[in-house]
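To start, the structure itself, in structure tokens.
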Amino acid sequence: MKAVIPYKKSSAKSRLSPVLTLEEREEFVELMLNQVIDTLKEAGVGTIEILSPSMYGLENMTKANVLLDKNDLNEALNGYLEQAEEPVIIVMADLPLLSPDHVKGITSTKEDVCIVPGKGGGTNALFIKNPSCYRVRYYGSSFLTHCSIAEKTGQSVEVYDSFFAGTDIDEPEDLVELLIHGSGAAKEYISKKFRLEMSRGRVRLVHI
């Protein structure tokens with residue numbers, strides 16, 4: 001089994017621009033990437049590869065193999081799956097609440113495919129036992145799409161339902177979840193810039 005992480009640092013996380021500058025967002029995504037890599041290593045994943053359209057921010061990467069592919073996300077990943085000769089777990093780079101136990105649970109599925117849904121219908125992680133027989137289609141309601149692709153190709157599916165594995169960091173309110181539930185470098189970075197404050201019964205993000 002090996003893991004692949006799609007990643008792009010340049011102009012990352014534009015939806016966080018109301019609360020973080022471009023420089024801060026690029027620093028933050030690099031921290032999240034490294035945290036995801038460490039999580040996969042701790043879970044026992046032997047081969048970890050980063051699929052990126054650019055070497056920007058990856059020049060000194062030693063913890064994972066870097067593969068360059070300037071195609072769009074789906075074309076790049078499907079090209080990767082076509083050549084894979086062992087099970088593959090695709091993990092997004094913005095999952096700082098993901099733990100080694102989550103990875104072990106996802107990859108120990110008895111089904112052909114295990115899908116981790118993200119917020120808003122996305123797909124945060126996707127474990128595929130027979131990658132040459134499966135094609136991904138991210139964007140939009142990709143969780144439903146990936147379930148449908150498995151069904152159409154005759155592959156069984158497990159849905160891995162987890163709040164932590166399902167929390168990707170895209171919007172400012174997602175940083176609240178990171179500060180409440182997270183640990184590690186990504187949380188430390190954000191905790192130096194924001195604090196949590198109760199407002200009308202809800203927790204909100206406030207600049208320090």
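Given 0.36 nm per residue, what is the gain on full extension from F163 to L22 after removing their alpha carbon distance, in nm? Provide the component values of the computation, followed by the final result.
On the way: separation 141, 0.36 × 141 = 50.76 nm, distance 2.78 nm.
Gain in length upon complete extension: 48.0 nm.
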Report task. List every residue whose amide H lies under 5 Å from the amide H of F194, counting only residues 5 or more places away in sequence or on a different chain, with H placed 1.01 Å from N in the peptide plane. Result -> I208
Requested in this report: At a Cα cut-off below 20 Å, give the lysines reachable from K192, other chains included and same-chain residues fewer than 8 away excluded.
Outcome: K13
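How big is the antiparallel share of DSSP beta bridges in the chain, given as a percent to the nearest 5?
Values: 15 of 30 bridges.
Among the beta bridges of the chain, antiparallel pairing accounts for roughly 50 percent.
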Query raised in the report: How far apart, in nm, are the 7 Å Cα→Cβ label points at E86 and K104?
Result: 1.9
Query raised in the report: Along each of its three principal axes, how wide is the spread of alpha-carbon positions in segment 147-208, in whole angstrom units, largest first?
Result: 52, 29, 15
Query raised in the report: Which angle from 0 to 90°, rounded to the nearest 10, does the C-alpha axis of helix 73-83 make with the longest principal axis of the chain?
Result: 40
Query raised in the report: Roughly how tilted is helix 172-181, in degrees to the nearest 10 and between 0 and 90, from the longest Cα axis of the chain?
Result: 90
**Report entry** Computed P(r) (all Cα pairs; the chain; 10 Å bins; percent)
**Finding:** 8, 35, 37, 16, 4, 0
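Over the chain, what is the relative contact order in percent, taking alpha-carbon pairs closer than 8 angstrom and at least six residues apart?
Numbers: 375 pairs, mean separation 43.4, N = 208.
Relative contact order, the chain: 21 percent.
Just so you know, all these numbers are worked out from the coordinates, no wet-lab data involved. Since this is a predicted model, take the numbers as computed values, not measurements. Ideal geometry is used to build each Cβ from the backbone, glycine not excepted, and the neighbour counts take in all protein chains shown.
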